[in-house]
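Any read-out appearing in this document is the output of simple, stated calculations on the displayed coordinates, not a laboratory observation. What you are looking at is a predicted structure, and each value in this text was computed from that prediction instead of being measured. Here the Cβ positions follow ideal geometry from the backbone for every residue, glycine too, while neighbour counts run over all protein chains shown.
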Amino acid sequence: MSLTNFPGSSSSGNSAGIPKVTMPALSEMKRQGKPISALTAYDYSTARLVDEAGIDLILVGDSLAQVVLGQDNTLAVTVDEMLHHTRAVRRAVRRALVVADMPFGSYHGPIAEGVANAVRFVKEAGAEAVKIEGPRVELVRELTDAEIPVVAHLGLTPQSVNRMGGYRVQARTNESAARLRADAHALAEAGAGALVLEGVPREVAARITAELAIPTIGIGAGPDCDGQILVFHDLVNLTFAPPAKFVRRYADAATLFRTAIERYREDVEHHAFPSDSESYHLPAPARKAVIEMPDDSDAVVNSDARQDFDEFGAA
Ligand code: KIV
């Protein structure tokens with residue numbers, strides 16, 4: 001069957017009639033000078049909010065190891081865990097480009113193994129592109145040949161934390177900046193569709209952005225990139241740690257959630273939740289029968305009365 005002009009195909013739109021963001025669309029945005037907004041998401045509800053807010057690219061980042069799973073760094077998260085979260089995000093998203101982060105170890109061995117793992121993200125989780133860290137030029141070429149769009153990631157690459165000796169701004173010397181620039185060009189030439197630049201001086205990111213035809217998406221890389229990405233939990237203050245310099249907090253979800261949870265606990269402790277109007281009731285005759293039921297009776301509620309229990313509505 002030909003998919004040309006097939007209205008429901010993901011390249012032209014979706015069942016809701018919303019134009020889908022694609023990898024080529026991101027390059028077009030760069031050409032038109034339109035900034036690209038990107039954010040991480042790891043589950044259905046946040047992905048829905050992020051997508052409905054009009055964010056262009058949603059990354060199921062391996063940062064989920066830290067912000068969702070409570071691990072110290074991103075190294076331990078597995079392919080199966082990333083697939084599980086990518087599926088949840090994919091179910092929620094109508095418009096944004098869904099990019100799955102390939103976790104540490106899933107593309108560091110033979111290239112064929114990296115390609116096979118990337119195929120799983122597309123086939124089993126519905127990812128529309130994968131992100132890989134570092135100057136893995138040959139792998140990018142192979143993935144592109146295998147029809148898998150790639151977002152490359154250079155600069156502070158968190159999966160290299162042990163080699164880097166911590167999370168440090170990269171490309172601070174002429175030599176390392178030149179290397180980063182050369183790597184960026186090589187990845188673009190190999191077919192990467194976009195490049196995340198993390199933790200690099202503004203001037204270096206600006207130069208690379210000006211030179212590449214593909215869009216750069218910055219995080220801690222200054223305002224001159226073609227787009228910006230943040231970790232969702234940083235944006236809304238759900239990280240339980242002081243934010244990095246480049247993070248801007250747009251909401252205080254920790255305070256909002258904490259207050260709601262404490263109010264709920266207090267209401268339960270003071271018998272103020274649930275109220276009578278938040279309870280289900282028997283119809284009048286059955287109510288009377290239950291109230292007047294002798295203590296040792298195991299009488300069953302009749303079928304009319306059961307109806308009220310069976311219909312768990314919103315109100
Ligand atoms: O895993 C992640 O969240 C990332 C960043 C680019 C946001 O890789």
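Between rounded, prolate and oblate, where does the stretch 163-203 land on the alpha carbon gyration tensor, with a ≥ b ≥ c its root eigenvalues, rounded for a/c under 1.5, else prolate if a/b exceeds b/c? Taking the square roots of the gyration eigenvalues as a ≥ b ≥ c, the stretch 163-203 is prolate. In terms of packing, defined here as the mean over residues of other Cβ atoms within 10 angstrom, the peptides 18-26, 212-220 line up highest first as 212-220, 18-26.
Rg over Rh for the stretch 52-93 works out to 1.01, using Cα positions for both radii and the Kirkwood form for Rh. Listed values for the stretch 166-182 are Karplus-derived 3J(HN,Hα) couplings in whole Hz (6.51 cos²θ - 1.76 cosθ + 1.60, θ = phi - 60°), namely x, 9, 10, 4, 9, 6, 9, 10, 4, 5, 6, 5, 5, 5, 4, 4, 5, and x replaces Gly and Pro. Estimated from helical segments only, the mean residue ellipticity of the chain at 222 nm is -12000 deg cm²/dmol, where each DSSP H run of four or more residues counts as -39500 (n - 2.57). For the chain, lysine pairs separated by 8 or more sequence positions, or belonging to different chains, with Cα-Cα distances below 28 Å total 10. A simple rule links phi to the HN-Hα coupling: the Karplus curve 6.51 cos²θ - 1.76 cosθ + 1.60 with θ = phi - 60°, which for the stretch 37-46 gives 9, 9, 8, 7, 7, 9, 8, 4, 5, 5 Hz, with x for Gly and Pro. Return the FRET efficiency for the residue pair E278, R91: r is the Cβ-Cβ distance, R0 is 22 Å, and the value is rounded to the nearest 0.05. Computed FRET efficiency for E278 and R91: 0.15. As a proxy for reagent exposure, ranking E124, E292 by other Cβ atoms within 10 Å from fewest up yields E292, E124. Amide H to amide H, with H built 1.01 Å from N, K131 comes under 5 Å of A100, D101, M102, V151, counting only residues 5 or more places away or on other chains. Here the alpha carbons of the chain define both size measures, Rg and Dmax, at 25.2, 88 Å.
Per-peptide packing, taken as the mean over residues of other Cβ atoms within 10 Å, places 262-273, 94-105 in the sequence 94-105, 262-273 from highest down. Toward the positive end of the charge dipole of the chain, with +1 on the Cβ of Lys and Arg and -1 on the Cβ of Asp and Glu, the farthest Cα among V137, T209, G17 is that of T209. Here the Karplus curve 6.51 cos²θ - 1.76 cosθ + 1.60, taken at θ = phi - 60°, turns the phi angles of the stretch 250-257 into couplings of 9, 7, 10, 5, 4, 5, 4, 5 Hz, with x standing for Gly and Pro. A protection proxy built from the mean count of other Cβ atoms within 10 Å ranks the segments 32-43, 280-291, most packed first, as 32-43, 280-291. In a reduced charge model with +1 at each Lys and Arg Cβ and -1 at each Asp and Glu Cβ, the chain shows a dipole moment near 1560 debye about its Cα centre.
The simple Förster model, with R0 at 25 Å and r as the Cβ-Cβ distance, assigns H108 and F246 a FRET efficiency of 0.40.
Here the spin labels are modelled as points 7 Å beyond Cα on the Cα-Cβ line, and at K123 and S160 they lie 3.1 nm apart. Cα extents for the stretch 72-163 along the principal axes, largest to smallest and rounded to whole angstrom: 37, 34, 21. Close amide H pairs (under 5 Å, H built 1.01 Å from N) link V196 with A152, H153, L154, I217, residues at least 5 positions away or on another chain.
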